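Following: one structure in structure tokens, then a few remarks.
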Amino acid sequence: MKPFDYRSPADAATAVRIVGGDPGAVFLGGGTNLVDHLKLGVVEPGLVVGVAGLLPAEVEELGGGALRIGAGVNNSELAADPRVREWFPVLSQALLSGASGQLRNMASVGGNPLQRTRCVYFQDVTTPCNKRKPGSGCSVVGGWTRHHAILGASEHCIAVHPSDMAVALAALEARARVLGPDGERTIPFVDLHRLPGDAPDRDTVLEHGELITAIDLPAQPIARRSAYRKVRDRASYAFALVSVAAALDVADGVIVDARVAFGGVAHAPWRAYRAEEALRGAPASDRSYRAAADAELADARPAEGLDGGNAFKIPLLRRTLAATLRDLVGEDAR
């Protein structure tokens, strides 16, 4: 590990000012992602600025069923919050499906959505990677592609975003509250992450020195009937091959409204707008679920690779979406 300086400022504003004024500085919260990258040599900052304890660590009611989640709340606390479990079960389920109990106790709400890809080539500094070193090439091409993107990829990068929590937040139309050198702003969560394009080294739209201070969840009655389903190689402590966050409003066997997002398939949490549109006004049936999946996956582009490629994700995601919606509808809504 390359030596670095460490500072522990008194407040978030000071932390932002320090990092914003030093292009080689990074924030350190729970450290569940950054510390790994420091050990691997994926990042080599000259300065690490600790923000643990500087950010709000409460879940605040905003009225009408809306919540403001402080960036300092850890994932275990948020998953267990009775209001989250009742009003936004998809978020609680997504959090509990990620990592391990020990890591959830450390990981923060502000840091979890900003974790970087677990692409093996990104984490191996001996291989070319456009995300790690722009212009060096993408080692995934012709390599191991099982865990990689089928939607929104580019010739420069086909890595996927690893966060389960972020998929649920995309479906819930959350908003990130951000503090930066130029002041505060709010970013719709679906706009926070970037597709790779020709700049895969940029995961988000955040500018250097900007820090997430809270996540706002708007009141959404539809979210009370919501769920997260994750398909992975192991029963626990594994990243998603595919995942689905969904919420439904069903009346008399007809889908009135839907919110759907996918994980494990793109460089960003993938809000499935085409699937939602196909579901609205459709019968709550397997045929409708398959049609919604087909609408969203029309532009899917699987990658070939040494491991047989990742075309399997298309039928797997189709089945996962159908199973998630089928469970949400239930016998009482048919």
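Descriptive notes on the structure:
For every residue, the table says whether it meets (1) on the phi > 0 side of the Ramachandran plot; (2) among the small types (G, A, S).
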| position | (1), (2) |
| --- | --- |
| G65 | yes, yes |
| S76 | no, yes |
| R83 | no, no |
| V90 | no, no |
| A94 | no, yes |
| L103 | no, no |
| A107 | no, yes |
| H156 | no, no |
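- The listed residue being over 30 Å from C119 (Cβ atoms) and either out of contact with any strand residue (DSSP E or B) (no Cβ under 8 Å at 6 or more places or on another chain) or polar (S, T, N, Q) (or both), out of A295, A251: A251
- Selection from the stretch 224-247 of residues that are crowded, with 24+ Cβ neighbours inside 10 Å and out of contact with any Ser or Thr (no Cβ under 6 Å at 6 or more places or on another chain): S226, Y228, A240, S243, A245
- Exclusive hit being in contact with a Lys or Arg (Cβ under 8 Å, 6 or more places away or on another chain) and more than 21 Å from L172 (Cβ to Cβ), set D307, D299, D257: D307
- Residue among V90, V48, V73, V84 that alone is crowded, with 19+ Cβ neighbours inside 10 Å, β-branched (V, I, T), closer than 14 Å to D164 by Cα and not assigned by TED's automatic domain parsing to the domain that holds D307: V90
- Within the option set D216, D164, D203, D191, being touching a His at 6+ places or on another chain (Cβ under 8 Å) and acidic (D, E) holds for one residue only, D203.
- L95 meets the conditions (1) among the aliphatic types (A, V, I, L, M); (2) closer than 30 Å to Y228 by Cα; (3) touching a helix residue (DSSP H, G or I) at 6+ places or on another chain (Cβ under 6 Å); (4) surrounded by fewer than 21 Cβ atoms within 10 Å (Cβ to Cβ) in every case but one. The failed one is (4).
Let's see how each residue does on (1) of a type in the set (S, T, Y); (2) surrounded by 19 or more Cβ atoms within 10 Å (Cβ to Cβ); (3) modelled with pLDDT under 95; (4) touching an Asp or Glu at 6+ places or on another chain (Cβ under 8 Å):
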{"position": "C119", "(1), (2), (3), (4)": "no, yes, no, no"}
{"position": "F122", "(1), (2), (3), (4)": "no, yes, no, no"}
{"position": "T127", "(1), (2), (3), (4)": "yes, no, no, no"}
{"position": "N130", "(1), (2), (3), (4)": "no, yes, no, yes"}
{"position": "G135", "(1), (2), (3), (4)": "no, no, no, no"}
{"position": "C138", "(1), (2), (3), (4)": "no, yes, no, yes"}
{"position": "H147", "(1), (2), (3), (4)": "no, yes, no, no"}
{"position": "A153", "(1), (2), (3), (4)": "no, yes, no, no"}
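- Subset of the stretch 100-117 that is among the aliphatic types (A, V, I, L, M) and surrounded by 24 or more Cβ atoms within 10 Å (Cβ to Cβ) - its residue that is farthest from A223 (Cα to Cα): A107
- Output for the stretch 155-202, where each listed residue is under 13 Å from R116 (Cβ atoms) and either touching a Pro at 6+ places or on another chain (Cβ under 9 Å) or aliphatic (A, V, I, L, M) (or both): C157, A159, V160, H161, S163, A166, H193, R194, P200, D201, R202
- All of A247, A168, A159, A199 fail the test of being of a type in the set (G, A, S) and assigned to a strand (DSSP E or B), apart from A247.
- Qualifying helices (runs of 4 or more DSSP H) (wholly inside the stretch 263-334; at least 3 residues being in the same structural domain as R232 (by TED's automatic domain parsing) and under 22 Å from S97 (Cα atoms)): 313-329
- Among the numbered conditions (1) under 30 Å from D327 (Cα atoms); (2) touching a Gly at 6+ places or on another chain (Cβ under 7 Å); (3) in a strand (DSSP E or B), the only one that I212 does not meet is (1).
- Looking only at residues in the stretch 51-66 that are in contact (Cβ under 8 Å) with a residue 40 or more places away in the chain and within 30 Å of I18 (Cα to Cα), the one that is surrounded by the most Cβ atoms within 10 Å (Cβ to Cβ) is V51.
The values are calculated or read from the model by the stated rules, or taken from the named source; none is laboratory data. Quantities reported herein were computed from a predicted structural model and do not represent experimental measurements. Please note: Cβ atoms are built from the backbone with ideal geometry, for glycine as well, and neighbour counts cover all protein chains shown.
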